[in-house]
1. If you check Glu185 against the conditions, is it at pLDDT below 80, out of contact with any His (no Cβ under 9 Å at 6 or more places or on another chain) and surrounded by 14 or more Cβ atoms within 10 Å (Cβ to Cβ)?
2. Among the strands (runs of 3 or more DSSP E) lying completely within the range 1-96, list those that include at least 1 residues that are out of contact with any Ser or Thr (no Cβ under 8 Å at 6 or more places or on another chain).
3. Of the residues that make up the range 227-239, is at least one touching a Phe, Trp or Tyr at 6+ places or on another chain (Cβ under 8 Å), surrounded by fewer than 24 Cβ atoms within 10 Å (Cβ to Cβ) and either in a helix (DSSP H, G or I) or in the same structural domain as Lys274 (by TED's automatic domain parsing) (or both)?
4. If the requirement is being crowded, with 19+ Cβ neighbours inside 10 Å, modelled with pLDDT of 85 or more, touching a helix residue (DSSP H, G or I) at 6+ places or on another chain (Cβ under 7 Å) and not polar (S, T, N, Q), which of these qualifies: Pro202, Pro243?
5. Would you mind telling me which numbered condition in (1) among the polar types (S, T, N, Q); (2) exposed (fewer than 13 other Cβ atoms within 10 Å of the Cβ); (3) modelled with pLDDT of 85 or more Thr85 fails?
6. Of the numbered conditions (1) under 22 Å from His155 (Cα atoms); (2) over 21 Å from the mean Cα position of the chain (by Cα); (3) surrounded by 16 or more Cβ atoms within 10 Å (Cβ to Cβ), Ala267 satisfies every one except a single condition; which is it?
7. For the structure I just gave you, tell me whether Ile270 is touching a helix residue (DSSP H, G or I) at 6+ places or on another chain (Cβ under 6 Å), assigned by TED's automatic domain parsing to the domain that holds Leu154 and of a type in the set (A, V, I, L, M, F, W, C).
Amino acid sequence: MLREKNILIVDDEEGVRQTLKRGIHRQFNREEKRVSISEASNGKEAIELANKFPPDLILMDIRMPIMDGLKACRILRSDSRFSSTMIIMLTCEVAEESEGLLSGADDYITKPFNIKTLLIRIDKGLFKQGGMRPAAYAESDGILTKSYFVDSWLHYEVARAKRYQHPLSLLLIKLERTDTKQLSESKDVEVLKLLKRRDSDPLIKWSDDTFALLLMETCADDAIVLAKRIRWLAMENPKFSHPSIGIANLEDNLSNDLIFNAESSLAASISTGKIVLNIISVVS
């Protein structure tokens with residue numbers, strides 16, 4: 001007999017909570033798909049409830065009083081007890097989608113939502129083997145794993161950039177420490193301070209000494225400016241040696257393969273010692 005699944009609905013509008021409860025009860029609670037539902041009207045209440053009754057899935061509104069959904073999501077994701085909890089953000093604006101994913105959410109749905117679509121995502125998250133969540137979301141301190149980024153971020157952001165005709169850039173930065181005896185975890189904390197220039201740009205651990213930045217709505221010229229800033233900061237820091245930086249920019253590429261272009265650009269940067277854009281353009 002399968003264990004009953006716990007769903008936590010977090011929204012400051014009671015009407016939204018009741019609509020979700022009715023839809024979930026109609027869809028589940030029959031045969032092998034049994035669920036229980038708890039409710040919270042803000043992020044603070046959600047965290048308190050989650051600590052008492054750990055949920056399998058959370059439906060979380062973003063805009064709420066006292067504590068919004070983004071902050072609540074980040075707090076929950078920082079607790080290893082909720083590492084496997086599925087979190088679906090309810091957003092009102094397209095601009096909030098990436099913020100929700102960056103805070104650690106697995107999925108999002110835009111209000112006013114289609115209840116049938118939402119129920120399908122809930123079903124997949126709760127009852128499909130393996131669920132929707134990748135094995136690892138972050139390495140440490142909010143730095144995403146490469147697998148999580150490729151599986152849950154990249155294709156979505158490429159499609160979104162094309163749909164809304166927004167520029168999109170990917171930076172690969174190879175950093176080598178002057179003191180190789182330092183623990184990699186300590187290195188990651190320092191790398192976060194060095195590379196994370198804008199809160200909206202996810203930072204990804206690509207390999208032991210290589211990191212990536214996805215620059216949303218950032219054209220090639222602005223990506224170069226940021227790359228130059230990172231290079232200068234790294235060279236001013238005695239803990240790091242001269243960095244190599246490769247840039248892939250979607251608007252200038254014939255191909256959507258940002259990873260191939262970024263990795264090829266990084267290889268060219270390592271060879272030339274310069275910042276390289278889209279494989280062939282060398283920047284002083």
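1. On the way: at pLDDT below 80: yes; out of contact with any His (no Cβ under 9 Å at 6 or more places or on another chain): yes; surrounded by 14 or more Cβ atoms within 10 Å (Cβ to Cβ): no.
Spelling it out, it is not the case that Glu185 is at pLDDT below 80, out of contact with any His (no Cβ under 9 Å at 6 or more places or on another chain) and surrounded by 14 or more Cβ atoms within 10 Å (Cβ to Cβ).
2. So the answer is 35-40, 57-61, 86-91.
3. Step one: list which residues in the range 227-239 are touching a Phe, Trp or Tyr at 6+ places or on another chain (Cβ under 8 Å), which gives 234.
Then drop every residue that is not surrounded by fewer than 24 Cβ atoms within 10 Å (Cβ to Cβ), which leaves 234.
Those still in the list that are either in a helix (DSSP H, G or I) or in the same structural domain as Lys274 (by TED's automatic domain parsing) (or both) too: 234.
The answer is yes; a qualifying residue exists.
4. Values: Pro202 fails: modelled with pLDDT of 85 or more.
Result of the check over Pro202, Pro243: Pro243.
5. Here Thr85 meets the rest and fails (2).
6. It is condition (1) that Ala267 fails.
7. Numbers: touching a helix residue (DSSP H, G or I) at 6+ places or on another chain (Cβ under 6 Å): no; assigned by TED's automatic domain parsing to the domain that holds Leu154: yes; of a type in the set (A, V, I, L, M, F, W, C): yes.
Here the answer is no, as Ile270 does not meet what is asked.
The values are calculated or read from the model by the stated rules, or taken from the named source; none is laboratory data. These numbers were taken from a predicted model, which means no experiment stands behind them. A quick note on method: Cβ atoms are made from the backbone with ideal geometry, for glycine too, and the neighbour counts reach across all protein chains shown.
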